[in-house]
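S.K.: Here it is, the structure in full.
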Amino acid sequence: MSCLKIDNLHVDVEGKQILKGLTLEINEGETHALMGPNGNGKSTLLAAIMGNPKYHISEGSITLDGKDVLAMEVDERSKAGLFLGMQYPSEISGVTNSDFLRAAINARRERPIPLFSFIKEMEKTIKEMEMKEDLAHRFLNEGFSGGEKKRNEIVQMKMLKPSIAMLDEIDSGLDVDALKIVANAILKMQEEKPMGLVVVSHYARFMQLLKPTHAHVLVDGRIVVSGGSELVDKIDAQGYDWIEKEYQVHV
Ligand code: ADP
Ligand code: MG
Ligand code: MG
């Protein structure tokens, strides 16, 4: 049973304090909807968990199955089972999608994956995500549309099979059809090999497709309200103003 524990996390970026004591626990099989107004630290939290060096942790802890995540390098975090589908995936010229994925998969194994198995799995995944066949041979995200980049993050997630996956606004830039493809792929993964899943999205409709077991609102660097999927509907209907009044935080 994978368990990611974030306790009293304080993070600053370029000298500015963004997270101010954030506590959150994510277990295998759970889907957490992470909401909150823009600029309150959702992406900062995910970047800090993944080990982006821009994000400085001044206090608190992050553990994965009791192991100190903060002591790990980025690649070690990835090998330990953490995955981040980024809000703005970067383009890497000169590295093909298949080279990138094969290296990442092999880094997680004792022996390299047989080339034939890898190709078959990659082809299957590309098909499931309804992407163009040449995807494997294209440079990582180079010249991809916004929607293609987001779908490619899901291709990576499906191939890497993380134990804890975090998806940052994975639905932005997707049209209605792509949205369904992405949501169904995530749901299917949760059924077949349950992960601890954290989803950031501004769209209640997308969140609800993923059947969240937990929902949280992050305001001013802390989680101020937690609940179940009914919280997603409440935010959708009423926005964040009520939180400001009820919890005396500045939204
Ligand atoms: P959210 O994802 O909730 O919209 P972010 O975590 O992206 O919020 O941003 C929280 C705050 O941290 C914002 O004020 C943002 O400008 C600042 N911030 C985040 N990342 C960086 C960065 N790499 N450099 C400078 N400021 C940043
Ligand atoms: Mg934002
Ligand atoms: Mg963000």
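S.K.: For a quick check of your reading: which strands (runs of 3 or more DSSP E) sit entirely within the range 175-251 and have at least 1 residues that are of a type in the set (S, T, N, Q) and touching a Lys or Arg at 6+ places or on another chain (Cβ under 6 Å)?
M.R.: It comes to none.
S.K.: Going by the conditions given, is Asp12 within 16 Å of ligand 1 (Cβ to nearest atom) and either more than 18 Å from the chain's Cα centre (by Cα) or of a type in the set (Gly, Ala, Ser) (or both)?
M.R.: yes
S.K.: Could you check, for the range 27-39, whether at least one of its residues is outside any strand (DSSP E or B), within 16 Å of ligand 3 (Cβ to nearest atom) and touching a Phe, Trp or Tyr at 6+ places or on another chain (Cβ under 9 Å)?
M.R.: yes
S.K.: Which one of Ile164, Ile186 is touching a Cys at 6+ places or on another chain (Cβ under 9 Å) and within 30 Å of Lys132 (Cα to Cα)?
M.R.: After ruling out the rest, the residue left standing is Ile164.
S.K.: Another question, then. Does Ile62 satisfy the condition of being more than 13 Å from the chain's Cα centre (by Cα) and either away from ligand 3 (no atom under 13 Å from the Cβ) or in a helix (DSSP H, G or I) (or both)?
M.R.: When the stated conditions are applied, Ile62 passes them.
S.K.: Among the residues of the range 65-106, which ones are part of a strand (DSSP E or B) and not hydroxyl-bearing (Ser, Thr, Tyr)? First the steps, then the outcome.
M.R.: Applying the first criterion (part of a strand (DSSP E or B)) to the range 65-106 yields 67-68, 82-85, 92-96.
Once the filter is applied, which keeps residues that are part of a strand (DSSP E or B) and not hydroxyl-bearing (Ser, Thr, Tyr), the range 65-106 yields Lys67, Asp68, Leu82, Phe83, Leu84, Gly85, Ile92, Gly94, Val95.
S.K.: For the range 38-87, how many residues meet the condition of being within 16 Å of ligand 1 (Cβ to nearest atom), surrounded by 13 or more Cβ atoms within 10 Å (Cβ to Cβ) and closer than 22 Å to Gly146 by Cβ?
M.R.: Count: 11.
Just so you know, all these numbers are worked out from the coordinates, no wet-lab data involved. Keep in mind that this is a model prediction, so the values were computed, not measured. Neighbour counts are summed over all protein chains in view; Cβ atoms, including those assigned to glycine, are modelled from backbone coordinates with ideal geometry.
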